[in-house]
């Protein structure tokens, strides 16, 4: 049985890994991020722009936009249930985030070979305006997010 091109088992494992990671992810929780969807090689997260996230220009501080993209990247690259960390990333800011915007980051796996992966993340506001583009490179380390062998 398949769901969106993925075996049901892989989808269930991605969801379990996402739930386990989110439960431990105090940073993403503190910034108001929510995990909207996760499947193998994909994650979508959202974050409302609050007053305490505004910079001196009264737009969302780039660090918060980066954090949202980085979190979506982390969830996408851990969606295969292998402990995976970021090895490097870049971001391009294209438009400002404004107070009370709801920013959404969609992370999509572009390549996965051996222990290395490449992920692209698009950050948009609630109107679909592109706010930032992020590319992350991942490296798999030892262990699983959710133990499958007991």
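The values are calculated or read from the model by the stated rules, or taken from the named source; none is laboratory data. Computed from a predicted model, the values in this text were never measured in an experiment. Backbone-built Cβ (ideal geometry, glycine too); neighbour counts: all protein chains shown.
Would you mind stating whether residue 71 is in contact with a helix residue (DSSP H, G or I) (Cβ under 9 Å, 6 or more places away or on another chain), within 18 Å of residue 135 (Cα to Cα) and at pLDDT 95 or above? Lay out the reasoning, then the answer.
Working: in contact with a helix residue (DSSP H, G or I) (Cβ under 9 Å, 6 or more places away or on another chain): yes; within 18 Å of residue 135 (Cα to Cα): yes; at pLDDT 95 or above: yes.
Spelling it out, residue 71 is indeed in contact with a helix residue (DSSP H, G or I) (Cβ under 9 Å, 6 or more places away or on another chain), within 18 Å of residue 135 (Cα to Cα) and at pLDDT 95 or above.
Quick check on region 47-60: of everything there that is in contact with a strand residue (DSSP E or B) (Cβ under 8 Å, 6 or more places away or on another chain) and surrounded by fewer than 19 Cβ atoms within 10 Å (Cβ to Cβ), which residue is farthest from residue 127 (Cα to Cα)?
54
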Out of region 77-96, which residues are outside any strand (DSSP E or B) and within 13 Å of the chain's Cα centre (by Cα)? 77, 78, 79
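Mind listing whichever residues of region 16-61 are assigned to a helix (DSSP H, G or I) and touching a residue at least 60 places away in the same chain (Cβ under 8 Å)? Give the derivation first.
At the first step, the residues of region 16-61 found to be assigned to a helix (DSSP H, G or I) are 16-24, 26-30, 51-53.
16, 17, 18, 20, 21 - these are the residues of region 16-61 that are assigned to a helix (DSSP H, G or I) and touching a residue at least 60 places away in the same chain (Cβ under 8 Å).
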Of the conditions (1) surrounded by 15 or more Cβ atoms within 10 Å (Cβ to Cβ); (2) within 15 Å of residue 45 (Cα to Cα), residue 128 fails just one. Which one is it? (1)
